[in-house]
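Below is one structure, written out as structure tokens; comments come after it.
The values are calculated or read from the model by the stated rules, or taken from the named source; none is laboratory data. Keep in mind that what you see is a predicted model, and the values were worked out from it rather than measured. Methodologically, a virtual Cβ is constructed for each residue, glycine included, from the backbone with ideal geometry; neighbour enumeration extends over all protein chains shown. Heads up: the accessible areas ignore ligands, DNA and RNA and are worked out on the full protein's heavy atoms, side chains in. Shrake-Rupley method; radii C 1.70, N 1.55, O 1.52, S 1.80 Å.
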Amino acid sequence: SWSTRTHGNSVNEGFALVVGDDGVAAIKCPLHGYVWSTAVPLKDRVKAESLTDKVMTGYQGWFHAKGDGGWNRWNHWSDHNTIPSKDSVSVDMWPDVSELDPDELFPTGFTFPNGTVASLYSASNSQTVERHCRWMQNYGIDGLFLQRFIGSATRFPDVLNQVMENVRSGAEKYGRVFSIMYDISNGNHLTLVEDIIEDWKSLVDEYHITKSQQYLHHRGRPLLGIWGFGVWDREVDYHHAQEILNWLQYEAEPKYRVSVMGGVPAGWRNLSRDSKMHISWETIYRRFEVISPWTVGRYVDQRTADSFLENYIIPDMLECATFGIDYLPVAFPGFSAHHLMNKALNSIPRFGGDFLWRQLYNVLLAGNRMLYIAMFDEVDEGTAIFKIAPTQAQVPREASFVSLDADGIRLPSDWYLRLVGEVSTYLHDGIVCPEEIPISP
């Protein structure tokens, strides 16, 4: 809870001094959100003027629980909105929730080996999302891309907007940057253009999202991500993509215009692999201010990551330089989607962090000045970097889960936050990180 004192003559003019249960005091303004906080000195706030020299992570924020005051039903932890149990679970990794307060936890149908009930969290709880932002601050991660599935935004706007407000307050409070990234995967291709335009108008006009001092900008405009254009199985054609880009980049009123980051297929450059192959996509891809090819699952170990660097990343960077596009590479720690997709458990092993570190070393060696880590909280497909159960003693006993010691290396729950924080130091200093992990668990 917050104790609040408001100053000013009206809601639009006033500001409030708020003090949270965690002892953090902050000044909040109606349009600009938290403009000052004791949680981070002003000089240590991540600057929001550019994506350059930033280490960003993707934040799904799609986990909910029955009784959470938001969605009020289980979501993404399990199938069909049922309580997570051995018959319904849809995640392969179990978050370490030992730091969460009792009012942040929701009991499941699972128990730990010691017999206690296993609980999970909800992104509808502002305290939990702010905690995640505090972890980003603690470990030196610059900010996050909030995933906003456009199909969900049109059907459940209140739920997604609550999560967005939680992310905003956490980012402002702890001095991180944030940006919206639309995902078109569950959108209606017949109404996609209208849906994205109207939703973005709502975020700008009703939620004043770009007024936040922590909303990330790039090339002089707010940065907006769109993930999925050109991906072979996403149901959108290039005419719709062109119409959306025209509006966002040129046709909209100035307050709505943005720099667009395209989350595109790995084969975007030559219309191969996972890309749609119609020649018009060549033009669409080269219209983005920032391009970010999706790499999750495109390689499986250090050797194939090296091959991807040579055959995709370096040629992509040269192509982007030719067209004046900034290049944002994606790195991921591993992959496991046994419960979600009936794939093998731990199908792309993490190798104790060596797999992720090799990718980070490669992209810095190639000269990249920005990084996207996929993902912060994605336990559905086992790509999460936040705090994860380190051993089988901390995961439920009724089903199979990947703990951090799955590859025979004992690691602390925050190991991947530490690795990403470590590489951010090298990026900020403008030097290439060592080829081998320089820190110990």
Hey, does the stretch 181-191 have a residue that's of a type in the set (S, T, N, Q), closer than 24 Å to residue 274 by Cβ and under 21 Å from the mean Cα position of the chain (by Cα)? yes
In the stretch 226-278, what residues are open to solvent by less than 40 Å² (accessible area, probe 1.4 Å) and touching a Lys or Arg at 6+ places or on another chain (Cβ under 7 Å)? 228, 230, 245, 248, 249, 256, 258, 259, 265, 266, 267
Do we find that residue 172 is among the acidic types (Asp, Glu) and either open to solvent by less than 30 Å² (accessible area, probe 1.4 Å) or not in a loop (DSSP other than H, G, I, E, B) (or both) in this structure? yes
Take the residues of the stretch 407-441 that are within 22 Å of residue 119 (Cβ to Cβ) and open to solvent by 10 Å² or more (accessible area, probe 1.4 Å): which is nearest to the chain's Cα centre (by Cα)? 414
Restricting the search to the stretch 341-373, which residues are crowded, with 24+ Cβ neighbours inside 10 Å and in a loop (DSSP other than H, G, I, E, B)? 350
Can you say whether residue 62 is aromatic (Phe, Trp, Tyr), modelled with pLDDT of 95 or more and touching a Lys or Arg at 6+ places or on another chain (Cβ under 6 Å), as far as the supplied structure shows? no
Which of the residues that make up the stretch 204-217 are crowded, with 20+ Cβ neighbours inside 10 Å and either assigned to a helix (DSSP H, G or I) or modelled with pLDDT under 95 (or both)? 209, 210
Given 244, 226, which one is touching a strand residue (DSSP E or B) at 6+ places or on another chain (Cβ under 6 Å), in contact (Cβ under 8 Å) with a residue 12 or more places away in the chain and hydrophobic (A, V, I, L, M, F, W, C)? 226
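Across the stretch 149-165, which residue is nearest to residue 70 (Cα to Cα) among those that are touching an Asp or Glu at 6+ places or on another chain (Cβ under 7 Å) and either open to solvent by less than 10 Å² (accessible area, probe 1.4 Å) or not in a helix (DSSP H, G or I) (or both)?
Narrowing the stretch 149-165 to residues touching an Asp or Glu at 6+ places or on another chain (Cβ under 7 Å): 149-150, 153-154.
Subsequent filtering for residues that are either open to solvent by less than 10 Å² (accessible area, probe 1.4 Å) or not in a helix (DSSP H, G or I) (or both) retains 149-150, 153.
Details: 149: 17, 150: 18, 153: 14 Å.
Among those residues, the one meeting the criterion is 153.
Would you pick out the residues in the stretch 218-274 that are on the phi > 0 side of the Ramachandran plot and not aliphatic (A, V, I, L, M)?
The initial filter retains those residues of the stretch 218-274 that are on the phi > 0 side of the Ramachandran plot, namely 219-220, 228, 230, 271, 273.
If the condition is that a residue be on the phi > 0 side of the Ramachandran plot and not aliphatic (A, V, I, L, M), then 219, 220, 228, 230, 273 are the ones that fit.
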Restricting to strands (runs of 3 or more DSSP E) lying wholly in the stretch 31-137: which have 1 or more residues that are touching a Pro at 6+ places or on another chain (Cβ under 7 Å)? 106-111, 117-120
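Taking the conditions exactly as written (under 24 Å from the mean Cα position of the chain (by Cα), β-branched (Val, Ile, Thr) and not in a loop (DSSP other than H, G, I, E, B)), does residue 379 satisfy them or not?
Working: under 24 Å from the mean Cα position of the chain (by Cα): yes; β-branched (Val, Ile, Thr): yes; not in a loop (DSSP other than H, G, I, E, B): no.
The answer is no for residue 379.
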Taking the condition surrounded by fewer than 16 Cβ atoms within 10 Å (Cβ to Cβ), modelled with pLDDT of 95 or more and on the phi < 0 side of the Ramachandran plot, does residue 191 pass? yes
Condition check: open to solvent by 40 Å² or more (accessible area, probe 1.4 Å), on the phi < 0 side of the Ramachandran plot, touching a Lys or Arg at 6+ places or on another chain (Cβ under 7 Å) and at pLDDT 95 or above. Does residue 113 satisfy that? yes
Of the numbered conditions (1) farther than 17 Å from residue 421 by Cα; (2) in contact with a Phe, Trp or Tyr (Cβ under 8 Å, 6 or more places away or on another chain); (3) basic (Lys, Arg), residue 155 satisfies every one except a single condition; which is it? (2)
